[in-house]
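One structure below.
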Amino acid sequence: MKFNKNSLLYGTFVLTIANIFVRLLGFIYRIFLSRMIGPQGMGLVQLIFPLYMITITLTASGIPIAVSRIVSQRKAIGDIRGIKRTVFISLLMVIVISIFLCFLVIINADKIATHLFKDTRTHSAILVFFPCILITGLGAVLKGYFYGVKNIHPPALSEIIEQIVRMVLVVAILLWIPSLSVQASTAVVILGMVIGELASLLYLHYYYHQSMKVNFHSIQTPASALLFKNILIIAIPITLTRLVSSLMMAANSILIPRRLMAGGMANSEAVGAFGIISGMVMPLLFLPFTIISALSVVIIPNLSENVMLKNWTNIRDKVSKSIFITCLTAFGSMALIIPLAHVIGIVLYQQPAVGKFLIPLSYSMIFFCLQHSLNSILNGLGKQNRAALHFMIGGIIQLICTYFLVAHPDFRIYGFIIGFFFSSMIVSFLNFIAVIQITKLQIQFTKWFLKPGLVSLLTALVIRLTFLFLVNHEISYGLSLITAVPIGIIALMVMLFQTGSLPLWLLKEINKKFHTNTPSLF
């Protein structure tokens, strides 16, 4: 299918809707789990999660992005044989890495449960979990292929299938056998994750073979060794960046409570402050990533294809759209969160301190979102090493602030917030400068920053006044919050259309795309 200039927006829209639906299902699922397996079971599941994230990073981060980029490049010149060869080599790489990781997990399951997790009840769950390493990696490669050919529907649907299968299986087993021990219940939850990923993989596998039922084009295909080398060149920096990100998150998790205690806080007070930041405030800060992550997935193959064709006019157009969507998302999220930060803390968590930390952190949202979006743009342009370097610089800044400022009595937990703000700001500036230099893109300050910023400022004012009006008329905080947010979203959309920041043709284009039949590959 020949996508026109709006395919970037359409792909982002579809993946965003899928992400929202999957997260909603996940939220409902977590409510059921918390009631059925209790806090002990939930705690054991959370113990397994870091091991899952680290192993999946090695198989499902860099290689799928490499597949997405190389497939989009081969598609641009009609090299179907090269596409199949790229996917095949990548699947073999994932299989080899996964077998090695699975072997390590199996032979060290006792040590992991006893020494790493400090809870022998996780042993069964670890043994059930290891097939997920291979299954998730294979599924990620096939998703990379679909992103590369700009067919975003199979990956979006596979996410929904995975979540539904997991929910139905786990809830059915727990209802059927209600007397399971905490250890067995945890293993059932992990089993649901494995079966859900397997269902997603089978769906992707079916559509992959359906899409490849085409005749080969007579074109020179790179040798397998060269494709393997190109995959490694792209995958290694991205995988290392993700690994370092995970390790830095772990380092911050360890350092923050310790440095707070070094600054004079009691252990319980330090752990409480860390819990508010990590478990309550940071998840709210990641709300706009429903859109940003979708945009990041779509932009990489779009740019790679145009780099292959040396179509710099189209590249500049897509980069401009990406920056605009990112700013619109970030400023809009700030307009929803900042005026209601204290209320959100009280209504959702019954913790007034949430708002105190959420407001200063929210001001870094524009830089945080731009950092990730521009990082994906650099990956799409083939500058993954530069993106990785900038990320390392930001990580070092964050760790320095965490170590020195958090222990200072005048800063304490605000030391982490300061580090987060400056690291996000510096990395986003470095990425921005790099993108402008590479693409020779003209900076559109009014379109990218000024209009979305002013509209969001007015939206924040509408939300705050609406909330105060409702509270003054003796409406409860919860109901006032639920009412003010949709009113704010409507006001935001109206002002965006009125100022031309969100043109009407976009809605027409999205509606037209949903009624278009998508051929198998081209």
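The values are calculated or read from the model by the stated rules, or taken from the named source; none is laboratory data. Worth saying up front: this structure is predicted, and the values here are computed from it rather than measured. In this analysis, Cβ positions are derived from the backbone assuming ideal geometry, glycine residues included, and neighbour counts consider all displayed protein chains. Areas reflect the complete protein model, heavy atoms only, side chains present, ligands, DNA and RNA absent. Shrake-Rupley method; radii C 1.70, N 1.55, O 1.52, S 1.80 Å.
Membrane-span-like helices in the chain, defined purely by DSSP H runs whose alpha carbon atoms cover 27 Å or more axially and whose average Kyte-Doolittle hydropathy reaches 0.0, are 7-36, 38-60, 80-107, 153-176, 182-211, 224-262, 289-309, 312-337, 384-405, 413-439, 451-472, 477-498.
Normalised by the number of residues in the chain, the mean separation of alpha-carbon contacts (under 8 Å, six or more apart) gives a relative contact order of 18 percent. Dipole magnitude for the chain: computed about the Cα centre from +1 point charges on Lys and Arg Cβ and -1 point charges on Asp and Glu Cβ, it is near 1380 debye. If R0 is taken as 35 Å, the Cβ-Cβ distance between PHE49 and GLN220 corresponds to a FRET efficiency of 0.15. Between the alpha-carbon centres of the stretch 348-401 and the stretch 94-123 there is a gap of 31 Å. Between the alpha-carbon centres of the stretch 270-306 and the stretch 412-451 there is a gap of 16 Å. Only protein atoms count toward the accessible area here, which uses a 1.4 Å probe; on the chain, the carbon and sulfur part of that area reaches 70 percent. Our summary gives the stretch 160-214 a relative contact order of 50 percent, counting only alpha carbon pairs under 8 angstrom and 6 or more residues apart. Hydrodynamic analysis of the chain uses the Kirkwood radius over alpha carbon pairs. Inserted into Stokes-Einstein at 37 °C and 0.692 mPa s, it gives a translational diffusion coefficient of 134 µm²/s. The candidates ASP119, ASP410, ASP317, arranged from most to least accessible area with a 1.4 Å probe in the full protein assembly, appear as ASP410, ASP317, ASP119. Listed here are the pairs LYS84/LYS440; LYS118/LYS356; LYS321/LYS440; LYS229/LYS321; LYS84/LYS318; LYS143/LYS440; which of them are more than 23 Å apart at the Cα? From the list (LYS84/LYS440; LYS118/LYS356; LYS321/LYS440; LYS229/LYS321; LYS84/LYS318; LYS143/LYS440), the Cα-Cα distance tops 23 Å for LYS84/LYS440; LYS118/LYS356; LYS229/LYS321; LYS84/LYS318; LYS143/LYS440.
Each stretch of four or more DSSP H residues adds -39500 (n - 2.57); spread over every residue of the chain, this sum gives -27000 deg cm²/dmol at 222 nm.
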